[in-house]
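The values are calculated or read from the model by the stated rules, or taken from the named source; none is laboratory data. Just so it is clear, the structure is predicted and the values come from calculations on it, not from any experiment. We place every Cβ from the backbone using ideal geometry, glycine too, and count neighbours over all the protein chains shown. The area values use the complete protein model at the heavy-atom level, side chains included, leaving out ligands, DNA and RNA. Shrake-Rupley method; radii C 1.70, N 1.55, O 1.52, S 1.80 Å.
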Amino acid sequence: MANPIPRSAVFAAVLALLLLAPPSLAATDVPFIVAHKKASLKRLKSGAERVLVSIDIYNQGSSIAYDVSLSDDSWSQEVFDVVSGNTSQSWERLDSGGLLSHSFELEAKEKGMFFGAPAVIKFRIPTKAPLQLAYSTPILPLDILAERPPEKKFEWAKRLLAKYGSLISVISIVVLFVYLIATPSKSGAAKGSKKRR
């Protein structure tokens, strides 16, 4: 029967391989693009509804991304009009650890649910000729021109009180306790003034 290899020897061999591995295997010198797409609805007094879209592009990699271009073609011209900004944008470069932001505003023409696709980001790595692709996060479904009941005047106060009511009561009890301990009582002050006479 063959002798099994001790675990300590296997552990030492794996540790030696990890420590002696060339640095090029451990870390690659490329950009890593992360993009976050957000959309929010804004109801106008005229009854129209606008969609505010913002896209943040982060370079989490260790090198610069060149010829960065953003394209968000998920907004059909039959459903939306561009009010301000563009649905596409280009930049010369995005440094390592850098951030690029782009926003635009649309006005909805039709009522209904809208499911937006991720935006496409193209960029170039100096060591590779073809363009690289990255995708943003998708947005949550938007219920455009939906019937919403009018919000009452103090509805926001009720929501805050329901959410943070217990915290407010605990803090106010602690503050009241500290106030009672820190301030001298009137009867003690009166007794002190009698003794001085």
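Please report the net charge: other residues with Cβ closer than 11 Å to the Cβ of residue 103, K and R +1, D and E -1.
-1
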The rounded separation in angstrom of the Cα centers of region 41-63 and region 88-108 is 11 Å
Square roots of five times the C-alpha gyration tensor eigenvalues of region 25-119, ordered largest first and given in whole Å, equal 33, 12, 11
Scalar couplings 3J(HN,Hα) for region 171-184 by Karplus 6.51 cos²θ - 1.76 cosθ + 1.60 (θ = phi - 60°), nearest whole Hz, x for Gly and Pro, are 5, 5, 5, 5, 5, 4, 4, 4, 5, 5, 6, 7, 8, x
FRET efficiency (residue 155, residue 113; Cβ distance; R0 30 Å; to 0.05) is 0.75
Expected unfolding gain across residue 58-residue 101 under the 0.36 nm per residue rule, minus the alpha-carbon gap, is 14.6 nm
Rounded to the nearest 10 Å², the accessible area of residue 67 using a 1.4 Å probe with every protein chain kept is 80 Å²
Interchain or sequence-distant (5+) residues whose placed amide H lies within less than 5 Å of the amide H of residue 139 are 116
Lys and Arg at +1, Asp and Glu at -1: neighbours of residue 29 with Cβ under 14 Å from its Cβ sum to 0
Straight-line reach check, residue 109, cutoff 19 Å on alpha carbons, 8 or more apart in-chain or any other chain, hits among aspartates and glutamates -> 49, 72, 73, 78, 81, 143, 147
Counting only protein heavy atoms and leaving out ligands, DNA and RNA, the solvent-accessible surface of residue 83 at a 1.4 Å probe, in Å² to the nearest 10, equals 60 Å²
Once all protein chains are kept in place, residue 111 shows an accessible area at probe 1.4 Å, nearest 10 Å², of 130 Å²
Expressed in angstrom, Rg and Dmax over the Cα atoms of region 85-167 are 20.5, 60
